[in-house]
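The values are calculated or read from the model by the stated rules, or taken from the named source; none is laboratory data. Because the structure is predicted, anything quoted here is derived from the model rather than measured. Neighbour counts are summed over all protein chains in view; Cβ atoms, including those assigned to glycine, are modelled from backbone coordinates with ideal geometry. Just so you know, the surface numbers come from the protein's heavy atoms only, side chains and all, with ligands and any DNA or RNA stripped out. Shrake-Rupley method; radii C 1.70, N 1.55, O 1.52, S 1.80 Å.
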Amino acid sequence: MVKLMACVLACSLAAAAQDSRKSEYESKLKNLKLSLDFKEAPLDQVVDYLREIADINILADAKVREKNLVVSIKITELTLHSVLKLMLQPHGCDVMYREGVLMLMTKDDIADRTMKMELYDCRDILHPVLDFPGVDIDLSATGAGVLAADLGGAEGTEVPIEELIRTHTGGRSWEENAKAVLRLQNGLLVVKNTPEIHKQVRRLL
């Protein structure tokens with residue numbers, strides 16, 4: 001029992017340390033401003049400089065290194081986040097925090113690691129409310145205030161939920177990301193995309 005409690009405590013402390021480090025990295029990305037002047041410098045050289053000046057762990061994964069990227073950049077007082085975007089986005093790369101390291105990865109690999117599958121119950125919105133005519137009140141001499149509603153001609157049109165989602169969430173991610181999923185099955189909307197896109201879907205629904 002004592003060993004179990006010690007293990008749980010150790011895991012909790014490790015998770016807290018990870019959260020603290022991630023917050024530190026996010027703060028430096030947003031607030032640390034840099035001035036750089038590189039001309040046709042190998043990516044590894046620029047990464048080494050950024051690692052030293054920002055005092056954080058920055059690594060390029062194998063797929064990024066295989067690109068043999070050369071960096072030419074001259075900027076003044078720009079945030080570390082913006083610097084990395086300018087360096088990486090033209091080459092289909094971006095940054096991702098992983099286990100205490102700021103990883104330079106391809107956008108496809110980042111999407112693979114961040115995408116998740118969720119189901120949304122849409123049965124309540126797939127069957128539209130019928131357009132009922134107004135209520136007729138019979139106050140004839142023979143009636144005693146009988147209420148009658150004519151239901152004839154009530155029609156509804158199925159909501160095109162998938163088209164709605166594609167149009168109003170995710171931008172072009174549904175078309176550009178081959179691993180994104182948006183499918184309706186038995187009243188359940190199957191969605192596979194990034195956490196940010198899931199937030200947009202939940203807001204819309």
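For the stretch 94-152, give me every one of the strands (runs of 3 or more DSSP E) that falls completely inside it and has 1 or more residues that are open to solvent by less than 60 Å² (accessible area, probe 1.4 Å) and at pLDDT 85 or above.
101-106, 116-121
With respect to E40, is the statement that it is within 23 Å of D108 (Cβ to Cβ), free of Cβ contacts under 8 Å to residues at least 40 places away in the same chain and loosely packed, with under 14 Cβ neighbours inside 10 Å true?
When the stated conditions are applied, E40 does not pass them.
State the number of residues belonging to the stretch 157-166 that are surrounded by 10 or more Cβ atoms within 10 Å (Cβ to Cβ), in a loop (DSSP other than H, G, I, E, B) and not aliphatic (A, V, I, L, M).
Looking only at that region, the number is 1.
Quick one: what pairs do we get from the stretch 180-204, first residue among the basic types (K, R), second surrounded by fewer than 17 Cβ atoms within 10 Å (Cβ to Cβ) and assigned to a strand (DSSP E or B), C-beta under 8 Å, 6+ apart or different chains?
Between residues of the stretch 180-204 that are among the basic types (K, R) and residues that are surrounded by fewer than 17 Cβ atoms within 10 Å (Cβ to Cβ) and assigned to a strand (DSSP E or B), the close pairs are R183/V190; K192/K116; K192/M117; K192/E118; K192/V181.
Is the stretch 34-43 home to any residue that is in a strand (DSSP E or B) and of a type in the set (G, A, S)?
Going through the stretch 34-43, the residues in a strand (DSSP E or B) turn out to be 34-42.
Keeping just the survivors that are of a type in the set (G, A, S) gives 35, 41.
Yes - at least one qualifying residue is present in the stretch 34-43.
Can V47 be described as in a helix (DSSP H, G or I), open to solvent by less than 20 Å² (accessible area, probe 1.4 Å) and touching a helix residue (DSSP H, G or I) at 6+ places or on another chain (Cβ under 8 Å)?
no
Within the stretch 167-176, is even one residue polar (S, T, N, Q), over 20 Å from D121 (Cβ atoms), part of a loop (DSSP other than H, G, I, E, B) and modelled with pLDDT of 75 or more? Before the answer, list the steps.
In the first step, residues of the stretch 167-176 are kept if they are polar (S, T, N, Q); the result is 167, 169, 173.
Narrowing further to those that are over 20 Å from D121 (Cβ atoms): 167, 173.
Right, trim to part of a loop (DSSP other than H, G, I, E, B) and you get none.
No.
Can you tell me which residues in the stretch 176-195 are open to solvent by less than 90 Å² (accessible area, probe 1.4 Å) and either of a type in the set (V, I, T) or closer than 18 Å to I110 by Cβ (or both)?
N177, A180, V181, V190, V191, K192, N193, T194, P195, listed by residue number.
Filter the stretch 62-77 down to residues that are outside any helix (DSSP H, G or I) and crowded, with 17+ Cβ neighbours inside 10 Å, then give me how many there are.
Residues meeting the conditions: 2.
Among the residues of the stretch 79-93, what is the count of those that are surrounded by fewer than 16 Cβ atoms within 10 Å (Cβ to Cβ) and either of a type in the set (A, V, I, L, M, F, W, C) or on the phi > 0 side of the Ramachandran plot (or both)?
So the count comes out to 2.
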